[in-house]
Each structure stands twice: as structure tokens, then as C-alpha cells.
1. Could you count how many residues in region 428-439 are without any contact (Cβ under 8 Å) to a residue 40 or more places away in the chain and either within 27 Å of the chain's Cα centre (by Cα) or not in a helix (DSSP H, G or I) (or both)?
2. Anything in region 596-648 that is hydroxyl-bearing (Ser, Thr, Tyr) and either at pLDDT below 95 or in a helix (DSSP H, G or I) (or both)? List them, or say none.
3. Here is a list of conditions, (1) open to solvent by 20 Å² or more (accessible area, probe 1.4 Å); (2) outside any strand (DSSP E or B); (3) out of contact with any Asp or Glu (no Cβ under 7 Å at 6 or more places or on another chain), and Arg168 meets all of them except one; can you say which number that is?
4. Going by the conditions given, is Ala652 assigned to a loop (DSSP other than H, G, I, E, B) and open to solvent by less than 40 Å² (accessible area, probe 1.4 Å)?
5. Here are some conditions: (1) modelled with pLDDT of 95 or more; (2) surrounded by 18 or more Cβ atoms within 10 Å (Cβ to Cβ); (3) under 30 Å from Cys373 (Cβ atoms). Leu475 meets all but one. Which one does it not meet?
6. Could you check, for region 569-576, whether at least one of its residues is within 21 Å of Gly82 (Cα to Cα), open to solvent by 10 Å² or more (accessible area, probe 1.4 Å) and either among the small types (Gly, Ala, Ser) or modelled with pLDDT under 95 (or both)?
7. Would you check if Arg95 is within 19 Å of Ala275 (Cα to Cα), assigned to a helix (DSSP H, G or I), open to solvent by 20 Å² or more (accessible area, probe 1.4 Å) and modelled with pLDDT of 50 or more?
8. Could you list, ordered by first residue, the pairs with Cβ atoms under 6 Å in which the first is in region 583-602 and on the phi < 0 side of the Ramachandran plot and the second is acidic (Asp, Glu), at least 6 apart or interchain?
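The values are calculated or read from the model by the stated rules, or taken from the named source; none is laboratory data. It should be emphasised that the depicted structure is a prediction, and the values quoted were computed from it without experimental measurement. A quick note on method: Cβ atoms are made from the backbone with ideal geometry, for glycine too, and the neighbour counts reach across all protein chains shown. For the accessible areas, the whole protein counts, side chains as well, though only heavy atoms, and no ligand, DNA or RNA atoms are used. Shrake-Rupley method; radii C 1.70, N 1.55, O 1.52, S 1.80 Å.
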Amino acid sequence: MSAPRSAGKGLATGPAICSDIGSAIPSQIVAKLSASANRGVILTAAYAGSMEAHTAHTAHTAHTAHTAHTSRSQASPAPVPGSLSPKRRELDIERLTNEQLDILVIGGGVTGVGCALDAAARGLRVGLVEQRDLASGTSSRSSKLLHGGLRYLESRDFALVREALHERGLLAKTVSPHLVRTVSFMIPLTNRFWQRIYFGAGVLLYDLLARTGRHPLAFHRHLRRRATLELAPGLKQSSIRGAIIYQDAQIDDARHTLAIARTACHHGASIVTSARVTGLLIEQHNGTEHKSTEHNGTEHKSTEHKSTEHNSTETVVGARFRDLETDTEYECRATKVINATGVWLDDIHDMACPASLSVRAAKGVHLVVRRDCIDSESGIVLRTPRSVLFLIPWGDHWLIGTTDTEWDHDRAHPAASSADIDYILEHANAALERPLTRADILGVYVGLRPLLDASDDDTTKLSREHAVAEPIKGLVSIAGGKYTTYRVMAADAVNAAVAGLGKPVPPSVSHEVVLLGSDEWEHWSQQADELACCSGLDRDIVERLLWRHGNRIVDVLEIAEHEPALGARIPGGAYIAAEVVHAVRHEGALHLDDVLARRLRISIEDEQRGNLAAQSVASLMARELHWSDQRKDEEVRRWYERVEAERAANAAPDDSTADSLRRRAADTRGLTDT
């Protein structure tokens, strides 16, 4: 097997992070990493050859975007690989409207950006449009686990579990190790015999399936009652008979999705957020063209094209999209369009024709509580009448979830009702010595799983497998799946798309592409003390930056070094101001909620849900994006309204009422889901 392909390796080569960095990190390592940063992406001969058709454009775009922002100091910072800067966004819109693409991806969740990276790494001309922000939907609201799905073994989905476990190992060791952490889980046993046999057999099979792939984790262990309570004193002692403990992995889903998008950008893909697809370009075989269904942002109406069955004489040749930041309409032409919109999949289908694939939204609710609320050194897995409940260690917090119920309301802003919260608390407290109360809850978040539709009314029984279809020539749709298997899903979708490109295309190499930040992670993961010393930041801040940015921590530290005031902590969270500036300059953040809810996670980690930080973060963004005072105040006001609406929804008795209360807060980008 060839060596993994790196993106944006090593230490930035601009001004030193601090004057004494040479003594903090050995000079030979600095020289090595600086040289690798200059080299950029390592290209194989096949990849380099396939890139020749648009190398000039990519080089020009990347150079312009990387150098668009000049430092406030006299020295110019080094180019930042995969920068999604405001200037880069302008150039990418220009490229989408002026260049014939091979593939246009619709959807900026993990599957969509995975498609963009997979296609770009093969040397194709790729664009991606997302109506809101990267990971603004399900991909920032998951359980944040990379796992095979132990419960799927009961339904005999062995292939799905094995595939997911293989991907877990690949992501943890090769593709994105800086974002993945091993986490242990225990299954408490309340019956001495049958549970140990039944659950033990399941965990054994889980571990054996993991060992058919690469990089399996440590084997499970059986614990007696005393050892169980030593590891998890917070469990209800009267009912514990023992436990089984096994290893899995967790990931910061929003940061991971962003890293994929930036790596795709680094490989030449054009990524444009706040770009709502309003219709598909459909061409008749006789050369005429017409537009399809249009969304005007507030209502959904049918215009020129609405067929009741597949028309073999028509081909999708691109899409129209509206830049929501400027309210400007554009057209993008592409040989193939990939529909990776998750729970919005059917909306895109309706623009062309009825499709064989359809999805249903299953709501998953998670609660966030402080780490000291549950006394345990391990995560905990509990059986519920419907499914399982995870108590997941997450830094200084616990994530507790999830539910699995059908949702047919606002897909952009799903809401947790009081009934959802009560359900989670009830089943968690059944196993805890100290019951959790609503006063312990710091945050609540809700994600929607796009499950392949079936006739069964119970979403817990719907398959987590994925499917690819081409409902009309030129439009490839990907549906279903799990977060853990996004890379396989993306490769399958791109494979289906390239089949009709009419030119030779290399096979997928995404299993070899190291995401930005992860190169030489084994070395960088040990540098917290040195980086804290030379940057002057607290070690806990540096440690957190390393696990969020990997070796690209140098880009954040360079911002703080040029303007020391940006090394200060943001109110209400363990983040620094430089991260906000970095989010705007290089991570595509355009609105306040992009930062508070996804680039940082203050919205779920702080009891005030980001309200304490809103003013200061908005001020930093206003400086970078040249907002007026009125625009800044509007962003803050909308955030406050969002928090108020979410809290009101959390007190509502049912989904319908919760949805109505959540809709009182306007969408940041002015969109309305129908």
C-alpha cells in the first residue's frame, strides 16, 4: 500500500510563533516541518496527471485566497492551506459560474464534503454549494462517536458493523487522528448470568469484527461488581452485579466535517456556503434547456418542469443557486450533480422527477451536563425499551442520548420537547446513584438522521445502510448511512457519478488522504508543553487547540502572536479570541451562529448557551467581515432570540408545540423550511 497523502503538512513558515520556538522544539523538526509545509500536497503521478486540466486555475485560486488577508503586523503570514477565506469564496463563486465542472455537489454535511474531497483527490473539477453552513445540519449534532453500532448486531447487520469498524480504524490511525479519541464504554450488568452471556457474546463479536480490519482497539474485559463500582462509583450500587467494558472512538463532528471541506479545497475543490440551490438545469437531448422547481426562500412552488415519471430524454447539466449573502442568482454547469443533502434529499428530487430513493427524518436528542454530574471514568451504555442510551465523556462534559423518533417539522432547526428531555433523564437516572435534574443540563441539541424510507412506522427499525441512485440522467443521489461510514458513502456516490463522465478517472484514494491538521500527529500530540511555553498560553488551551486543529495549531497561534490581545479567553468557554478570527479568515464562518454553534461549541457547553460570548465574538467577526454596527447588533439579537426559542421549545409538551416555539427565532440566513 502506498504511503498516506498529506495535506498542508507541518509548521507554518511565516514569522515564528515566538522568538524562542527554536529552543522549545528541536531545530531539525522545525526545518523538516517548514519544508513539508512548502511542499503542500504530495501528489502521485496518476493524481498529478489528472490535475493537469485545471492546475492553472487551482494554483491561481489557492494563491489568491491564501494571500487575500494581510497581517496587521508588518510581516506577512505564511499561506494557510485549505483556507476558506472570504476572498476565496468570491473566487469560488466566479469559478462555479464560469467553468464547466465535472461534478457539482449539493450539500455541505459530512457526506457532501466527503464527495467533494473524493472527487477532487481524483483530479476532477469539483464544486460544492451549501445553503447554510458547513455541518449546519446533522453533521454537527450527532452522538460524536465513530463506532460500528453495537446494537445493530441484534438485527444482524453484520456487514454494516464490520464496514463501520473498519472506517473507525482508518480515521483514527490515518485519515484524521487529531480529531479522534479512544473512549471506553461499560455495559452495566444487573443480572449475574444471562446478561453477561448475552451481552458478552455481542461485545465479543463486535471486537472480532473490528479485528478483520486495520487498527483494532483494545479487547473488551469483564468486570466484577467491585471493579465496576471502582471505575464508575456513580452507578446505582443496589442493582449492579458487574459490567463489560469495551473500546470505541469519538470525534468532534463539526470540526471533522470542516477539516474534510478544507482538505477538499486544498485539493482544488470550490466550496461555497450560503448558496441555496433554487433549481436544476435540465437539458433535452435535442439541445434545448429548461429550469426546474424553484425555492424562493419562503415557499416551495413548482414552475416549468414537473414530471411524473423518469424522462430518458432529459439530463441534469447543473444547477441554479442564490448567494444568500448578496441575494444574487447564479448558474453552475456540471457534467454530473451529486445530491448529498440528507433530510433535504427529496426536495432536490422534486426539482427534476420522482425518485426511487426517499428519506425519513429520525430525531435524535442529546443533553449536555457537567463532567462532575456523573462519577465515572468510563462511558456508559444503557438499554432502553426502544434502543440504547449513551452516557459519553466529552472533555469537561457528558453527552447523554439519544432518542429515535420520527420528525416531520422544521428540518433546519429541529427542537427537543420536554417529553424528549424527560425520556433521557428517566432512563439515565434508572442507572445512576445521584439522579440528574433539569438544573444539571447545560445544553440540548437535536440532529435528524436521514434514514432510507420504508413502510415501517418505527424509525428505530429503519436501516442505517446507504444507497446510491440516479433518478434522472446527470443527477446522482446518496441517502442513508452513518456518520462513521461517510468516506465509503462518498466514494460510492462519486463512483456512480464518474461512470458517465466519458473520460478515464482514477479510483478513489480517499483512504490515503490525510486531512489537514493530522499529518505527523504522533509528533504534534506531544508538543503541548513546548507550544504552551513558547506561546504564553495556558496548557489546557493549547491542549484543546491541538485536538481541534492538529498541526494547524500554528495558524491560530500565529494570529495570537501577531496580536497578543487575541490570546485572551472568550467569556463562557475555554476558547480564545484568535480562534474566532481564524474561523472567519480560514474556516468559512460568515455568521455569528457559524462560530458559536460549530467552529466553537459554546452553544452546548455553556449554561448560557453562548449568550455570554455573543457580543465579544460578534465584535471580532465584525472587524474581520467589515460589518456595520447595525449588522453586528442584528447578528447578536438573532442569537439571543435563538437561545430563547430553544429554551421555550425545551419546555413544550410535544413536538408540534416545540416546533412552533422554535420557529419564533428567524433563521440567520433568512431561510424558512416548509
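1. Within region 428-439, the first condition is being without any contact (Cβ under 8 Å) to a residue 40 or more places away in the chain, and the residues that meet it are 429, 435, 437-439.
Among the residues that remain, those that are also either within 27 Å of the chain's Cα centre (by Cα) or not in a helix (DSSP H, G or I) (or both) are: 435, 437.
Residues meeting the conditions: 2.
2. Residues of region 596-648 hydroxyl-bearing (Ser, Thr, Tyr): 603, 616, 619, 628, 640.
Ser603, Ser616, Ser619, Tyr640 - these are the residues of region 596-648 that are hydroxyl-bearing (Ser, Thr, Tyr) and either at pLDDT below 95 or in a helix (DSSP H, G or I) (or both).
3. Of everything listed in (1) open to solvent by 20 Å² or more (accessible area, probe 1.4 Å); (2) outside any strand (DSSP E or B); (3) out of contact with any Asp or Glu (no Cβ under 7 Å at 6 or more places or on another chain), Arg168 misses just condition (1).
4. Yes, satisfied.
5. (3)
6. Checked against the condition, which is being within 21 Å of Gly82 (Cα to Cα), open to solvent by 10 Å² or more (accessible area, probe 1.4 Å) and either among the small types (Gly, Ala, Ser) or modelled with pLDDT under 95 (or both), region 569-576 yields no hits at all.
7. Numbers: within 19 Å of Ala275 (Cα to Cα): yes; assigned to a helix (DSSP H, G or I): yes; open to solvent by 20 Å² or more (accessible area, probe 1.4 Å): no; modelled with pLDDT of 50 or more: yes.
No, not satisfied.
8. Val584/Glu624; Leu592/Glu635; Asp594/Asp133; Arg599/Glu587
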